[in-house]
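Derivation of every value follows stated rules applied to the coordinates shown; laboratory data play no part. Keep in mind that what you see is a predicted model, and the values were worked out from it rather than measured. In this analysis, Cβ positions are derived from the backbone assuming ideal geometry, glycine residues included, and neighbour counts consider all displayed protein chains.
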Amino acid sequence: MMTYDVCVIGSGPAGGTAAKELCEGGAKVIMLEAGQQVDPPYLSHKWPYELPYRGLRDEKQALFYPKDISKVIYDSSPRVDVDRVRVLGGRSLHWNAVTLRYAPQDFEEWSMRGVEEDWPIGYEELAPYYDRVEKLIGVCGRNDHLAILPGGNHYLPPIPWRASEHVLARATKSLGIPLISVRKAVLTVPYDNRSPCHYCGHCMDGCDVSAIFTTPDCMLPKARATGNFTLRQNAIAREILVDREGRARAVSFVDRITKKEEEVSARVIVVCCATVESARLLLNSRSPRHPNGLGNSNGVIGRYLHGHHLTIVQTYLEELKGTPPINQDGATDHVYIPRYNHLFGKPDYTGGWGIQVNYASYMFPFQAHHLHGYGAAFKTQVRKMQPGFLQMGAFGKTLSTPGNSVSVDLNQVDQYGIPVPVVRYQFVENDVAMWKAQTQSLLEICSKMKGSVYPDFGTGPSGFASHEVGTVRMGKNPKTSALDSNCRSHEVANLFVTDGSCFTTSSEKNPTLTIMALSVRAADYIKKQRKLGQL
Amino acid sequence: MERRTALKIVALSALAPVGITGPAGTTLEGTAWTPGSYRLRFFNEQEIELLDNLMEMIIPADDHSPGARAAQVSLFADLMVATSDNHLKEVWRSGLQLMRHEASRSSLQAALARSAVNEGNPKNDLERFYGHLKEMTINGYYTSAIGIHHDLQYQGNTYLQRFPGTSEP
């Protein structure tokens, strides 16, 4: 049986990036992906009446969520949900592409605020990798020179704003809150042999022209071009196997088509299955040398699950009411409100939130579900309000705490006989305090614009907006972390984890750019170690 | 809107149970909304007639666009309820009975008005059913070709060379 230099498990932003970098560095890489390739045209441009159930049962996105994804057992606060795609490209097939750098302070929660832990690396160490990734994938926007949201030097032209975003900018300006052009991995000009955005507003449903960054379109072709890349689709990793010294030697997987059990051997294993599945895989990889799971003698793996809580408000602006319908779809988000609560004194909680704007389609009149009454007047009001649609979603930081976790239930297995994940999660006092401040702030912004406001706040925070992180975290202290600053296991020298699970703490920023920067950095480290004969 | 376009839109709103093909190698379960005849799966003809009348009162035809009846929202409701759990099926069956009973005491218009009295804070089964009925009507109408193209005159879901943006209003 061939032994590969590296086995990358997972093909999302972390795995795709790591595989491309390692192949270009001369390593023979095999990638295992539990899902399979889905080629364009996707269902993104289908009209609702062309779909079963008119899209109301997520038919467009069902391509990314096949039915054999295992169940999750929840023992959690209400409105907590973890997200697991199963498709070649992983999350990059189904994302809005908001691409933000962490700020220096986001790596130093303990030093600066006395909470959580510091990362084992800082912004300055990661900045060159942010630069590389932004240049590689193509990010529109601009460097706004904000300390809370550092920028790079390689941006494609920003996307022009909608009328509602100009109105919002007036409101935020009156409150001293910054509003900037969004930075997202969407092409506004031709780039890297990819076509620019055609502004259909379906970023989350699959992009037919590769204007949005995906690993199958942007990373895997580069990996293949090296001649060093092997892709194995429909390969569900069951367990990482170890040798007598406890080093990773192979990955045991089941082929979801043939149902056959197989193994692939590699000198280095890079786990990129995303926060829930990476923890699950490592916890399911038990052996006499690693009875608590691979690299988990300190019991940290699976702990510190956290992510974003999301608060949404929809507004229908009075000054746009009754204006002629125009095409406002665009590329979903065009502007972004960076974190601002730190500008107004020290709050009685830690952390902050950023606000994504207009990331929903303009096709469906959501206000119809809020307006009372029926009949001709109701119908007319729905129609006249529609041009004034403005949606805001505040993505807030949650604290990482050891009691919030992903574990596995050895008594419950999925259809492939693999123990299923169990999510235990409770929001802590700080999360709730910040959620309250977040909701009040959203309403204050809305109060500066004339219109009908429909908050969707619920009775408390909800998570994780597909941004879960933290279950296999990096750290300076091997007793309280699973990985070192290079995303390498403290205990298993040839095991790396580079997806969101490796985050020590989260900020209010969307995590994908940081995931990719960490993957490039880890790949560089692996390449160096290979040259030195250490891996 | 040209009459020919309007007729095409009406036709697109008709239903037929056919499979829909997704991207290469994939198929979706369910029913595509394509021209043709639709066979009822849950409601009977009398219930569909009642639904048509109620839904048309919620979103009626007017000078601007056709209403829920023309958009065949009742048939959309039939598909959605037929593929729901038993509890929801019972809600719809008994809800229509309640509405019919209420209408027998006065009129269907009065029954609908009575059911909507406490919208947002329903006190009884009839008022709770109004919530289901209105939600289904909204979902069905504004995802139909008539709702999207004719009523809202939605301009998107197309290919643009560039996004022009909008100057400050």
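How many percent of the alpha carbon pairs in the protein assembly as shown exceed a separation of 36 Å?
In whole percent, the long-distance tail amounts to 44.
Please arrange B:His149, A:His369 by counting, for each residue, the other beta carbons lying within 10 Å of its beta carbon, fewest first.
Neighbour counts put them in this order, fewest first: A:His369, B:His149.
Between the range B:56-87 and the range A:361-382, what is the separation of their alpha carbon centroids in Å?
So the separation of the two Cα centres works out to 15 Å.
When you look at the Cβ of every residue in B:145-152, what mean number of other chain Cβ atoms sits within 10 Å?
5
Per residue of the range A:321-337, what does 6.51 cos²θ - 1.76 cosθ + 1.60 with θ = phi - 60° give for ³J(HN,Hα)? Whole Hz please, x for Gly and Pro, Karplus curve as stated.
4, x, 6, x, x, 10, 7, 10, 4, x, 10, 6, 4, 10, 10, 8, 10
Label points 7 Å out from Cα along the Cβ direction at B:Ala82 and A:Met2: separation in nm?
Result for the modelled spin labels: 5.1 nm.
Specify the inter-centroid distance of the range A:9-57 and the range A:248-309, based on alpha-carbon positions, in whole Å.
When both Cα centres are located, 21 Å separates them.
If you average the C-alpha positions of the range A:493-535 and of the range A:96-174 separately, how far apart do those two centres end up, in angstrom?
Computed from Cα coordinates, the inter-centre distance equals 19 Å.
Would you pull out the residues with amide H under 5 Å of A:Arg183's amide H, same chain only if 5 or more places away, H placed 1.01 Å from N?
Answer set, sorted by chain and number: A:Thr99.
Taking amide H atoms as placed 1.01 Å from N in the peptide plane, list the residues 5 or more away in sequence, or in a different chain, whose amide H sits under 5 Å from that of A:Glu239.
A:Ser252
Under 24 Å between C-alpha atoms is the cut-off here; go through the range A:14-170 and count lysine pairs that meet it, provided they're at least eight residues apart or on different chains.
Close lysine pairs under the 24 Å cut-off: 5.
Suppose R0 equals 45 Å; then what is the FRET efficiency for A:Ser252 and A:His145 from their Cβ-Cβ distance, rounded to the nearest 0.05?
E(calc), rounded to 0.05, equals 0.35.
Once you treat every alpha carbon in the range A:398-514 as an equal point and sum by Debye, what is log10 I(q)/I(0) at q = 0.16, 0.17 Å⁻¹?
Debye intensities relative to I(0), on a log10 scale: -0.93, -1.00.
Grab the DSSP H runs of chain A that are 4 residues or longer, score each as -39,500 (n - 2.57), total them, divide by all residues and round the 222 nm result to the nearest 500 deg cm²/dmol.
Here the helix-only value at 222 nm equals -6500 deg cm²/dmol.
Would you mind checking the tilt of helix A:376-385 against the longest principal axis of the Cα atoms of chain A, expressed as 0 to 90 degrees and rounded to 10?
Helix A:376-385 sits roughly 60 degrees off the main axis of chain A.
To check you understand DSSP bridge types, tell me what percent of the beta bridges within chain A (both residues inside) are antiparallel, rounded to 5.
70 percent
Taking the highest mean first, how do the peptides A:249-262, A:428-441 order by number of other beta carbon atoms within 10 angstrom per residue?
Those peptides, ordered most packed to least, come out A:428-441, A:249-262.
Ranked highest first by the average count of other Cβ atoms within 10 Å around their residues, in what order do A:484-495, A:373-384, A:460-471 fall?
The densest-packed peptide leads the list: A:460-471, A:484-495, A:373-384.
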